[in-house]
Each structure stands twice: as structure tokens, then as C-alpha cells.
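The values are calculated or read from the model by the stated rules, or taken from the named source; none is laboratory data. Predicted, not measured: the structure shown is a model, and the values here were computed from it. Here the Cβ positions follow ideal geometry from the backbone for every residue, glycine too, while neighbour counts run over all protein chains shown.
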Amino acid sequence: MGDLAELLDRSLAPRGPGQLYDIVRELGLPPDSDVVDLGCGEGVDALRLATHFGFRVLGLDPLQRHLDRAREARRGEPEEIASRVSFERGRAEAMPLPRSSADLVWCRDVLVRVGDLDAAYAEMARVLRPGGRALVHQVFATPLLEPRERDWLFGALGVVRDSADPASTDAAIEAAGLQVDVVLELGSEWEERTEESSGAVSRALLHAARLRRAEEHFRGMLGDTAYDSALADCLWQVYPMLGKLSPRIILLTRPG
């Protein structure tokens, strides 16, 4: 057992979220390409895409608080970067963009909360120019996530059950007429990288254990909704390590 423990202590050199930027680099898109960051949140990726590649980036998000924080972050950037990035309210199912106006749609860890995948992927196809690409990072449930556990977890985090189903995503992509170029099954790879670099996943597990052991105390302190959300967020970070959730990277092209 000692030899096995020593063997398993050796890193398998997992890749992390920077893998997405490596893929963008391999696409070879020129500076000033028009990029949509779909579900931009607080603007971190939009600003990085402009900084690293010289893209013109439009960040779309349905939540005003996210847009406010993204615009505040943009104000802290040099003018040459800030001038390339804008943020607007928008939804995956109805992007406020004309047809054939984008070279790349970047969509990271967003679509699990979108209720109509068919509309979302159809919108990607609509706004992309012929030959344009979509880079999607999406988390899926696996058969190891039991139905009762899945229903509670998804309910606490606002995840749409069908949108975390690989078959639903495959069908939506096909219906949109998008070409699938690459599908990468990440499994626990990013979480392994995070754990090896910062210990954040084991910290999330420790937090989940404390929330469970002192449930009455924390429910009284936080309230039921906030308690469930906090516990679910911890488990969302841990479950890829257990094979209950499995993220994918999907690279798509609009034919033409």
C-alpha cells in the first residue's frame, strides 16, 4: 500500500482553465476579431481575451449586478484594453446582435443555467459569421449522480436538469446546424490542477463537512436558502473529483 500511495501522490500533470485560452490561441484568430463572451459574469474572461489576443469583446450577461462589476473592472484597465471591451445585458437565448457579426462565441460554464438549449445554440449559429467558432465549457451530470441528489443540487444552484444532460446538448448543437470539431472530456482534470496548486477543492470538502455536521447552527445563521446554496456550491467543486459531474470543452464551427 505504501508503494501505491507513493505512486498516487505523483501528479498526472493536469491542465487547468488556461486550457481554454490555449485553444483560442491555436485557432489563430487575428487581432480585432469580434468576440462574444456569453454569460460574461464580472468580465474576467472578456478582459483577458482582449488583453491576450487583441480581440474586440462584447460581454453579455442577464444580471445587472454582474454588468456593474464588469464595467468597474474595465475602468481599472489601460485604455488600449478598456476600449476593446464593452458589456451589455443579454441572454443566451436572444443575443442583442445582428446575424453574422461574430468571429468567436466564448461560453464558459454558463449553459447549465439556460432553460432553452435549442435557442441558445441556434443563437450562436445566427450571430457567428460563416466559418466562425464557438468555444463552450459546460458541466454535465454523470450516472453516478443519483436522481435525488441531482434534484437537490440542481435546485439549490439554479441548474436546469436538461441543460446538464449531454444528450440534450448534442441534440441542440445538431439542430442549430453547428459542426462539432472537438469534444474534450475533462473529468476531474481542472479540479486536480486546482487542488495541487491551492488546495481549494479539499477546502471546499472541509466546508461541506462543517455545514453538514453543524447543519442546525448554519441554517439558523444563514437561512435555509443560503445554507443550501453554500453547501451545493461546495459539492459542485468536489463532485468532479468523485465522477458525479464531468465538464466538457466543445469546439464548434458555423459551416459556410
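Please state which one of 219, 203, 193 is at pLDDT 95 or above, among the basic types (Lys, Arg) and buried (at least 18 other Cβ atoms within 10 Å of the Cβ). Write out each step before concluding.
Numbers: 219 fails: buried (at least 18 other Cβ atoms within 10 Å of the Cβ); 203 fails: buried (at least 18 other Cβ atoms within 10 Å of the Cβ).
Unique residue meeting the criteria: 193.
Restricting the search to segment 222-232, which residues are of a type outside the set (Gly, Ala, Ser), surrounded by 12 or more Cβ atoms within 10 Å (Cβ to Cβ) and either without any contact (Cβ under 8 Å) to a residue 24 or more places away in the chain or farther than 27 Å from residue 188 by Cα (or both)? I'd like the intermediate steps shown before the answer.
Filtering segment 222-232 down to residues of a type outside the set (Gly, Ala, Ser) leaves 222, 224-225, 227-228, 231.
Of the ones still in play, those that are also surrounded by 12 or more Cβ atoms within 10 Å (Cβ to Cβ) are 222, 227-228, 231.
Residues satisfying the conditions are 222, 227.
From the set of residues in segment 1-58 that are part of a helix (DSSP H, G or I) and of a type in the set (Asp, Glu), which is surrounded by the most Cβ atoms within 10 Å (Cβ to Cβ)? Break it down stepwise before answering.
First, pick out the residues of segment 1-58 that are part of a helix (DSSP H, G or I): 2-8, 18-27, 44-53.
When the remaining residues are screened for being of a type in the set (Asp, Glu), the result is 3, 6, 22, 26, 45.
Working: 3: 7, 6: 9, 22: 9, 26: 10, 45: 22.
Result: 45.
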Item to check | Unmet requirement for residue 256, which otherwise passes all of (1) on the phi < 0 side of the Ramachandran plot; (2) modelled with pLDDT under 95; (3) of a type outside the set (D, E, K, R) | outcome: (1)
Next on the checklist: Given the criterion without any contact (Cβ under 8 Å) to a residue 12 or more places away in the chain and either of a type in the set (D, E, K, R) or touching a helix residue (DSSP H, G or I) at 6+ places or on another chain (Cβ under 8 Å) (or both), identify the matching residue among 48, 15, 10.
Outcome noted: 10
Checklist entry - Among all residue pairs at least 6 apart or on different chains, which show Cβ distances below 6 Å where the first residue, located in segment 100-127, is more than 24 Å from residue 22 (Cα to Cα) and the second is modelled with pLDDT of 95 or more and of a type in the set (S, T, N, Q)? => result 114/163; 117/163; 117/168
Item to check | Checklist (1) within 19 Å of the chain's Cα centre (by Cα); (2) part of a helix (DSSP H, G or I) applied to residue 151, failing item | outcome: (1)
Next on the checklist: Tell me whether segment 221-228 contains one or more residues that are farther than 28 Å from residue 120 by Cβ and outside any helix (DSSP H, G or I).
Outcome noted: yes
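In segment 156-183, what residues are over 12 Å from residue 112 (Cα atoms) and in a helix (DSSP H, G or I)?
Those that are over 12 Å from residue 112 (Cα atoms) and in a helix (DSSP H, G or I): 156, 167, 170, 171, 172, 173, 174, 175, 176.
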Checklist entry - What number of residues within segment 233-256 satisfy the criterion of being crowded, with 21+ Cβ neighbours inside 10 Å and of a type in the set (Lys, Arg)? => result 1
